[in-house]
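The values are calculated or read from the model by the stated rules, or taken from the named source; none is laboratory data. Since this is a predicted model, take the numbers as computed values, not measurements. Please note: Cβ atoms are built from the backbone with ideal geometry, for glycine as well, and neighbour counts cover all protein chains shown. Surface accessibility is based on the protein's heavy atoms, side chains included, excluding ligands, DNA and RNA. Shrake-Rupley method; radii C 1.70, N 1.55, O 1.52, S 1.80 Å.
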Amino acid sequence: MKSTTAVYYVYLCAVMTVSKTASFYGASYVSVPLQDASSDTDIFFRFKTLRADSLLFLAAGPPDYCFVTLHGGEIKVRINLGSGEEELTSVPGLKLNDLLWHEIEIQKIGSELNLRIDGIHTTYLDIKGRFLELNVKSGIFIGGLGGFDELFLGNLKNFRGCLDEFFFNNMDILGLAVDSADEFSVHGVTWDCSDEFEASSHQPISFIENESFVALPALSTRNGGSVSFDVRTQSELAVLFYNSGNPSETDFLAVEIIGGKLTLSVNEGNGVVVLKSDNAVNDGHWHQVETQFSPTYVELTVDGESKNIRPGLGENRF
């Protein structure tokens with residue numbers, strides 16, 4: 001194994017490039033098919049995020065492992081060299097999910113594990129047991145696990161934010177990931193630090209993949225309500241907004257694009273009511289959409305042009 005590791009390490013050094021900054025969007029990850037065995041380990045990276053809980057890094061045996069997470073905004077390093085898991089945490093009360101850049105240094109020399117944050121805050125751990133080597137057989141993972149399930153480490157959220165200067169034992173992992181696509185698995189990563197992480201609620205959002213979506217708390221209403229937004233698209237068929245009522249009932253509210261036109265469908269318990277705009281909205285320009293609904297009135301307004309209907313009240317008044 002040591003000769004294999006050495007050959008692979010030389011190859012990685014040969015393609016090493018300038019360190020990269022990467023954005024991870026909550027389902028992103030980078031995995032590296034690395035094998036390594038050493039009594040000394042060095043990990044260095046910079047990150048910024050608003051997410052309080054997420055996986056930052058995993059070096060996987062099994063059975064050995066070392067992984068770094070954000071837990072409640074604090075750094076946790078969990079390590080198992082074959083004698084059982086031990087945990088090192090950052091200074092209590094130091095919250096790092098503030099969307100500022102933070103520098104993380106993790107160094108294991110023999111049985112001593114050190115964690116330093118921003119060059120100031122340092123904590124230590126003396127690893128117990130007679131095993132000192134971290135044996136990495138299944139590679140390392142950054143930001144998420146992909147489909148890796150050989151170790152159960154709990155339910156870990158993927159990282160969402162920016163990572164920069166990510167080094168494992170002097171290997172520039174992100175820089176290598178750009179140039180070694182055949183050996184590395186890179187999913188949902190862009191090579192920059194995206195402005196979206198600092199965007200305000202008034203800035204538009206983009207859905208860049210077919211699987212993209214935003215999940216919001218359920219809309220809770222008894223007598224009616226309204227939904228409004230602006231949309232720009234070229235899609236002929238799409239779901240823009242959907243909210244279901246009580247799971248035991250048939251109630252729902254949906255705003256869709258069907259054949260390029262806005263369609264509002266509502267069922268408040270008395271049957272489905274449908275309104276459709278006259279003009280197409282899939283022309284790549286911004287369009288303003290407003291909906292109003294109650295048990296006795298449903299209205300769809302697109303760019304100031306309204307259509308409405310007064311459905312029969314029926315037995316369901318909510």
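When all C-alpha to C-alpha distances in the stretch 200-318 are sorted into bins of 10 Å, what percent of pairs does each bin hold, rounded to whole numbers?
Pair shares across the bins are 12, 44, 33, 10, 0.
Grab the eigenvalues of the alpha-carbon gyration tensor for the stretch 26-166, scale each by 5, take roots, and send me the semi-axes largest first in whole angstrom.
Whole-Å semi-axes of the equivalent ellipsoid: 22, 18, 13.
Straight-line reach from K137: which lysines fall under 16 Å, measuring Cα to Cα and dropping same-chain residues less than 8 apart?
By straight Cα distance, K137 reaches K2.
Among (1) 19.3; (2) 16.4; (3) 20.5, only one was calculated for this model; which label is it, if the read-out is mean projected area of the Cα convex hull in nm²?
Calculated mean projected area of the Cα convex hull in nm²: the matching label is (3).
Of S248, S138, which has the most accessible area with a 1.4 Å probe, and how do the rest follow in descending order? Mind dumping the intermediate values first?
Details: S248 90, S138 35 Å².
Greatest to least solvent exposure: S248, S138.
Distance from the Cα centre of the stretch 275-314 to that of the stretch 163-202, in angstrom?
So the two Cα centres are separated by 42 Å.
So for the stretch 228-318, averaging the separation of alpha carbon pairs under 8 Å that are six or more residues apart and normalising by length, what relative contact order in percent results?
The normalised contact order for the stretch 228-318 reaches 25 percent.
Give the calculated FRET efficiency between I258 and N210 to the nearest 0.05, with a Förster radius of 25 Å applied to their Cβ-Cβ distance.
0.90
If you count only protein heavy atoms with a 1.4 Å probe, what accessible area per residue comes out for the chain, rounded to a whole Å²?
Solvent-accessible surface per residue comes out at 53 Å².
Measure nothing fancy, just the Cα-based angle from helix 2-14's long axis to the longest principal axis of the chain, in degrees from 0 to 90, nearest 10.
60
Could you work out the relative contact order of the chain, using alpha carbon pairs under 8 angstrom and six or more residues apart, expressed as a whole percent?
Numbers: 734 pairs, mean separation 60.2, N = 318.
For the chain, the relative contact order is 19 percent.
Give me the percent of accessible area attributable to carbon and sulfur for the chain, probe 1.4 angstrom.
In the chain, the share of accessible area belonging to carbon and sulfur is 49 percent.
Just subtract the alpha-carbon distance of Y297 and N279 from 0.36 nm times their residue separation and send over the number in nm, one decimal.
So the extension gain works out to 4.3 nm.
Take V272 and H71, extend 7 Å from each Cα along the Cα→Cβ direction, and tell me the distance between the two endpoints in nm.
4.8
What Kirkwood hydrodynamic radius, in Å, does the stretch 66-107 give when the mean of 1/r is taken over all pairs of distinct Cα atoms and then inverted?
After inverting the mean inverse Cα-Cα distance, the result is 11.3 Å.
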